[in-house]
1. How about region B:155-185: which of its residues are part of a loop (DSSP other than H, G, I, E, B), open to solvent by less than 40 Å² (accessible area, probe 1.4 Å) and over 30 Å from B:Arg73 (Cα atoms)?
2. Collect the residues in region A:74-85 that are in a loop (DSSP other than H, G, I, E, B) and surrounded by fewer than 19 Cβ atoms within 10 Å (Cβ to Cβ), keeping them in residue-number order.
3. In region A:269-279, which residue that is part of a loop (DSSP other than H, G, I, E, B) and open to solvent by 20 Å² or more (accessible area, probe 1.4 Å) is nearest to the ligand (Cβ to nearest atom)?
4. Please go through region B:96-119 and give me each residue that is surrounded by fewer than 22 Cβ atoms within 10 Å (Cβ to Cβ) and acidic (Asp, Glu), ordered by number.
5. With respect to B:Gly189, is the statement that it is exposed (fewer than 15 other Cβ atoms within 10 Å of the Cβ) and not aromatic (Phe, Trp, Tyr) true?
6. Write out, first by first residue and then by second, each pair whose Cβ atoms fall under 7 Å of each other, whose residues are 6+ apart or on separate chains, and whose first residue, in region A:229-241, is more than 9 Å from every other protein chain (Cβ to nearest Cβ) and on the phi > 0 side of the Ramachandran plot while the second is more than 10 Å from the ligand (Cβ to nearest atom) and of a type outside the set (Asp, Glu).
7. On the basis of being more than 26 Å from A:Pro193 (Cβ to Cβ), out of contact with any strand residue (DSSP E or B) (no Cβ under 6 Å at 6 or more places or on another chain) and among the polar types (S, T, N, Q), does A:Gln78 make the cut?
8. Among the numbered criteria (1) more than 8 Å from every other protein chain (Cβ to nearest Cβ); (2) closer than 24 Å to B:Ile154 by Cβ; (3) outside any helix (DSSP H, G or I), which one does B:Glu89 miss?
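The values are calculated or read from the model by the stated rules, or taken from the named source; none is laboratory data. Quick caveat, the model's predicted, so the values are computed rather than measured. Neighbour counts run over all protein chains shown; Cβ positions are idealised from the backbone, glycine included. Quick note on the areas: whole protein, heavy atoms, side chains included, nothing else; ligands and nucleic acids left out. Shrake-Rupley method; radii C 1.70, N 1.55, O 1.52, S 1.80 Å.
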Amino acid sequence: MVLVYIEIHQGEIKKSGLEAICFAAQIAKLKSSPLTALVLSNSDSLAGLGNYGVQNVLVANQNIDGSDSQNLCALISQVAEKNQANYIVLSNSSIGKSVAGRLAVRLNRPLVSGVNTILEEGGKLIFRKSVYSGKASAYYTSKNDKAIIALSPNSISPSKSGDSNATVSSVEIAVQPSKIKLLDRNLVKGKIPLAEADTVVSAGRGMKEPGNWGMIEELADLIGASTACSRPVADIGWRPHHEHVGQTGIAIKPNLYIAIGISGAIQHLAGVNSSRKIIVINKDPEAPFFKAADYGICGDLFEVVPKLNEAIRKFKSSNS
Amino acid sequence: MNFLVCISRTPDTTSKITFEADSRKLKEDGLVFILNPYDEWYALVKAIELKEKFGGQVDVIHVGNSNAEVVMRKALAIGADAAFRIDIEPDSSWEVAKYISDFAKTKAYDLILLGKETIDHNGSETGAMVAEFMDLPYISYCNKLDIDGTKATIAREIEGGTETSEVNLPFVLSAAKGLAEQRIPNMKGIMDAKKKPLDIIAVDKLGSDLELVRFELPPVKSGVKMLAVDDMDALIKILHEEAKVI
Ligand SMILES: Cc1cc2nc3c(=O)[nH]c(=O)nc-3n(C[C@H](O)[C@H](O)[C@H](O)COP(=O)(O)OP(=O)(O)OC[C@H]3O[C@@H](n4cnc5c(N)ncnc54)[C@H](O)[C@@H]3O)c2cc1C
């Protein structure tokens, strides 16, 4: 059996969770084995996971907080053992990363984290991940055909594979009282977490001052993007720290990354070079970012961005 | 209070990455290796700050061959008291974590720290594994830590926000930006580091079930297509047809 653990956020299956399901379904298909999903809380959409290849959904209705990796590991590993799961898939989120290593130890099997693709070579499942800050890929396989796989967000586009309902049942597993006491969880409201965003508009020191960010936010709103920034901009407090992308910030791989007034230093590129399409707006023709871009506009952002916003508004109104 | 900081050695970010002919090993000639920044700037410095406040000892540990001794000496120069090198070339984070936890079990550490990830494999795997081998709580991506008696209050980064929690020592943490400020080793530190102990520990190879099939360099980008600065139509077309965001 293949087991996938998915995170539920405010009653909804997270996008990264759906990606994990579809990835697990690929493994299940290659192994001709059933797919079971494990969740921590009930959600209306669980039966519908059948459309994505899940046969059974197990709801662990107990008060485990996903951020307590000890308890989450106890839960997942016991379910995995009971159901003889050879492959366990989770998303490479902060929760996934904290528990994946534990599972590898507890269940004594290899972990491949940050996986973005699966292939089959000579009857073996091979998992690809990006290494050296996006400068290379590594391919791994498990010698005993058992593994923990932590899927990198935005690696696959979830798609339905059928139309049947999954069976939803509950599971009771005894765990120890948590050793971690959660005091506070503060989520930026109404925004897609950067790591999961499909589209990202990012700006850097070329913006001159924090008051100029209105046009960036407007562009982001117009195209449904999350906003990001370069490190110096976060360091001097122009933008919140959680927007900082790059080697020392968040690594992202959206479908589209628009970089505005960012030079494209190697440490910045390290966090964004896995983006599928990159558009760069910079007034310096020598800016290193152009070398990493798909499309470039060499010009003053204070002219280009407002013009672009205007053009998008026009396009939208004539197409609505 | 005793601290163990797990340190790793990685190629500098600006390195050009190439592989040996069998595609299974990084070509090391010409590369500059550094102490993994997250281990150095945040995990190690935080441990030193805590030691300065509460007293005790900061040990650093590395699993790998003698090439790492340069970066281990750097950790000593920054302020660690003793260094331990497990003399084996590991093939997986599982092995690294096993050796580290076997070592740590022979001591009594109040806190085990490591960087949130290495900048080469970007795995973020070892911390959770060490915690599991030692049956300790694990808190990842910490950007703030206060200790009061045996109780620690921690802030950490999560997707789209932050989380604050409380846990009793001992535990394992992975360090992110904000946890401490980078320290540059001074001359005295560098001189002192030469006299500090760097113990080499021999172990048997464990092996693991993880097999590296190959490394691969990404296909070369086809090159940037420059658009005229006022050609909004072209941009709109890309956003609409290619990126499908409008
Ligand atoms: C160890 C280490 C880790 C680092 N980690 C990160 C990281 O994680 N993320 C990160 O981003 N950086 C990181 N950096 C910093 C990085 O090296 C760069 O300094 C930084 O990315 C530069 O930010 P920037 O592009 O916003 O600013 P700058 O380099 O100052 O670039 C500003 C750009 O804006 C352009 N510009 C200016 N005015 C205009 C205008 N009117 N119209 C159009 N374009 C304009 C300029 O041509 C220039 O290219 C790290 C550095 C080190 C040493």
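1. Passing the criteria: only B:Gly160.
2. Within region A:74-85, A:Asn83, A:Gln84 qualify.
3. A:Asn273
4. Scanning region B:96-119 gives B:Asp102, B:Asp110.
5. The answer is no for B:Gly189.
6. none
7. In short, yes.
8. (2)
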